[in-house]
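S.K.: One structure follows; several queries about it will come next.
Where a number appears in this text, it was derived from the coordinates with a stated rule and is not lab data. From a predicted model like this one, the values you see are computed outputs, not experimental measurements. Glycine gets a Cβ as well: all are built from the backbone with ideal geometry, and neighbour counts include every protein chain shown.
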Amino acid sequence: MSDSIYDIPLKRIDGSDATLGDYRGKVILVVNVASACGLTPQYEALEKLYQEQQAAGLVVAGFPANDFGAQEPGSNDEIADFCTSKFGVQFPMFEKITVKGPGQHALYQQLVAAQPQAQDKPDSGFRAKLASYGISQEQPSDVLWNFEKFLIGKDGRVAGRFAPDVTPDDALLREAIERELQR
């Protein structure tokens, strides 16, 4: 595990090298994304959030993952094309990674260790809905599903974790982002 979340080697969706250190001093919203999920329309709201808050210091960072229902089967090129053509995504996108289980990317190892529980939307029912399909977390700290969100403060600490159904325009997430932007 790296000393800092900023030092973990990453690759952008185009294959170029990167780290979250590229965004040091900014608030970063890390989201594991998928193209064929019921929550995929969140791309539109994530892009809107990014456009609204980018000047204030927010970066949305998308990490495609095929860990949930094989809902991200495409190549990095296919994912990039989908995101730009369907949702006009301009926020930084990274290569497809594993966010839970064997092969979990070092970034997600560190995110989950720093924030083992996601904040659920009050009276959500999302976990119950997944359970009705026989889907549950193997470990309580596992990423639950596509579009779970981790909020990283300007100082590089993990400041929050939000369940997949906490949408980008949800007050719970918006207030947490505002708090971090104002620090």
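S.K.: Given a Förster radius of 30 Å and the C-beta distance between ARG24 and GLN51 as r, what FRET efficiency does 1/(1 + (r/R0)^6) yield to the nearest 0.05?
M.R.: 0.90
S.K.: Would you list, by chain and number, the lysines whose Cα falls below 20 Å from the Cα of LYS96, excluding same-chain residues fewer than 8 positions away?
M.R.: Straight-distance partners of LYS96: LYS11, LYS86, LYS149.
S.K.: A further question follows. Rounded to the nearest 5, what % of the DSSP beta bridges within region 1-109 are antiparallel ones?
M.R.: 25
S.K.: Starting at the first residue of region 8-14, write each ³J(HN,Hα) from the Karplus equation 6.51 cos²θ - 1.76 cosθ + 1.60 with θ = phi - 60°, in whole Hz, x for Gly and Pro.
M.R.: After applying 6.51 cos²θ - 1.76 cosθ + 1.60, I find 5, x, 10, 10, 5, 4, 7 Hz.
S.K.: Fewest Cβ neighbours within 10 Å first, please rank THR84, THR40 accordingly.
M.R.: THR84, THR40
S.K.: Another one. In whole Hz, what ³J(HN,Hα) sequence does region 130-143 give by Karplus (6.51, -1.76, 1.60; θ = phi - 60°), x for Gly and Pro?
M.R.: 4, 4, 5, 9, x, 10, 8, 6, 6, 10, x, 8, 4, 4
S.K.: Search the structure for amide H atoms under 5 Å from the amide H of THR98, placed 1.01 Å from N in the peptide plane, and list their residues when 5 or more places away or on another chain.
M.R.: HIS105
S.K.: Sticking with this one: Have a look at the DSSP beta bridges in the chain and tell me what percent are antiparallel, nearest 5.
M.R.: 50
S.K.: Moving on to the next point. Around ASN32, which amide H atoms from residues at least 5 apart in sequence, or from another chain, sit under 5 Å from its own amide H, with H modelled in the peptide plane?
M.R.: Under 5 Å from the amide H of ASN32: PHE63, PHE147, GLU148.
S.K.: Could you give the length gained by full extension between LEU181 and GLU44, i.e. 0.36 nm per residue of separation minus their alpha carbon distance, to one decimal place?
M.R.: 47.2 nm
S.K.: Tell me, ILE28, ILE8 in order of fewest to most beta-carbon neighbours within 10 Å?
M.R.: Fewest-to-most Cβ neighbours within 10 Å comes out as ILE8, ILE28.
S.K.: Take the alpha-carbon positions of region 5-182, form their convex hull, and give its projected area averaged over all directions (one quarter of the hull surface) in nm².
M.R.: So the mean shadow area of the Cα hull is 9.3 nm².
S.K.: Nothing charged except the Cβ atoms of Lys and Arg (+1) and of Asp and Glu (-1): what's the magnitude of the dipole of the chain about its Cα centre? Round to the nearest 20 debye.
M.R.: Value, rounded to 20: 340 debye.
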